[in-house]
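Enquirer: First the structure, then my questions, so here it is.
The values are calculated or read from the model by the stated rules, or taken from the named source; none is laboratory data. If you're wondering where the values come from, they're calculated on a predicted model, not measured in any experiment. Note that each Cβ is placed from the backbone with ideal geometry, even for glycine, and that neighbours are counted across all protein chains shown. Note: areas computed on protein heavy atoms with side chains; ligands, DNA, RNA excluded. Shrake-Rupley method; radii C 1.70, N 1.55, O 1.52, S 1.80 Å.
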Amino acid sequence: RSDALYTPAVPEAYGLYTLSATWTVDGDQSRAKTTFCRLPAMPETDVDTNPFGACLHFEQNKGHLPRTYDLLKRIGARWTRDEYGWGGVERTKGQYTFSPYGDQYVRAVRSAGLRSLFIFDYANRLYDKGLSPTSAEARAAFAEYAYQLVSRYKDVCRCWEVFNEANGGFWKPKPDPEAYAGLLKAT
């Protein structure tokens, strides 16, 4: 019926489900399919054991504070993943600058009652011609950048990721496991 709204029954059991729908309007048939998950409610205090979160990209000026963190909590997530890129922190060799915006999104994680994982990431135009850090000088500089981030935000973040998907398209010019291992060791 054109005036009827169909509400499917929500499954009782927790799990991953697929919802398929078919409808006809004025003789034209359409269909859609999506997946959804039914999970038990997570207690508000369950920050340490709750594994759910989202990668936010605040460093790329995506999202809105504090609304994004509030939405995460409403859906049951307790973790954020973001970055604070090397090229934005060290714009002059040996000098480290942290923007007020960066401080805001990093420090707001704790204020929102969430946990964070931050990524030490990417190259810096000052080293190795802007490619991923492979020379001894670039690895040492990357490690110092990582040290500066940890020193500044150790009260907010205890979990860090060295580079992002070094086995994929982010390591330039191409993935190099030995070079990544050298960066990991230096960091």
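Enquirer: Taking a probe of 1.4 Å, how large is the accessible area per residue of the chain, in Å²?
Expert: Heavy-atom SASA per residue in the chain reads 64 Å².
Enquirer: Choose one answer from Arg110, Arg31, Arg67: the residue with the largest mean-square fluctuation in a GNM of the chain with alpha-carbon springs under 10 Å.
Expert: Arg31
Enquirer: Further question on the same structure: Take each of the peptides 20-27, 154-161, average the number of other beta-carbon atoms within 10 Å over its residues, and list them starting from the highest.
Expert: Order by mean packing, descending: 154-161, 20-27.
Enquirer: Taking the Kirkwood radius as the inverse of the mean 1/r across Cα pairs, report the Rg/Rh of region 115-187.
Expert: A ratio of 0.97.
Enquirer: Just to be sure I understand, if you calculate Cα Rg over 2.2 N^0.38 Å for this structure, which of (i) 1.37; (ii) 1.26; (iii) 1.05 do you get?
Expert: (i)
Enquirer: On to the next question. Out of Arg139, Arg81, Arg38, any idea which swings most in a Gaussian network model of the chain, alpha carbons joined below 10 Å?
Expert: Arg38
Enquirer: Continuing with the same structure: Gain in length, Thr49 to Cys37, computed as 0.36 nm per residue apart minus the alpha-carbon separation, to one decimal in nm?
Expert: Contour length minus Cα-Cα distance gives 2.4 nm.
Enquirer: Give me a comma-separated list of calculated 3J(HN,Hα) values for region 144-160, in order, Karplus coefficients 6.51, -1.76, 1.60 applied at θ = phi - 60°, integers in Hz, x for any Gly or Pro.
Expert: Listing the rounded values in order: 5, 4, 4, 4, 4, 5, 4, 4, 6, 10, 4, 7, 9, 10, 10, 10, 9 Hz.
Enquirer: Among DSSP beta bridges lying fully in the chain, give the percent that are antiparallel, nearest 5.
Expert: Given both bridge residues lie in the chain, the antiparallel proportion sits at roughly 50 percent.
Enquirer: Can you give me the % of accessible surface on the chain that is carbon or sulfur? Probe 1.4 Å, all protein chains present, nothing else counted.
Expert: That share works out to 54 percent.
Enquirer: Of the residues Gln148, Gln104, Gln95, which exhibits the maximal mean-square fluctuation in a Gaussian network model of the chain defined by a 10 Å Cα contact cut-off?
Expert: Largest GNM mean-square fluctuation: Gln95.
Enquirer: Follow-up. Subtracting the Cα-Cα distance from 0.36 nm times the residue separation, let me have the gained length for Thr18 to Val150 in nm, one decimal.
Expert: Value of the extension gain: 43.3 nm.
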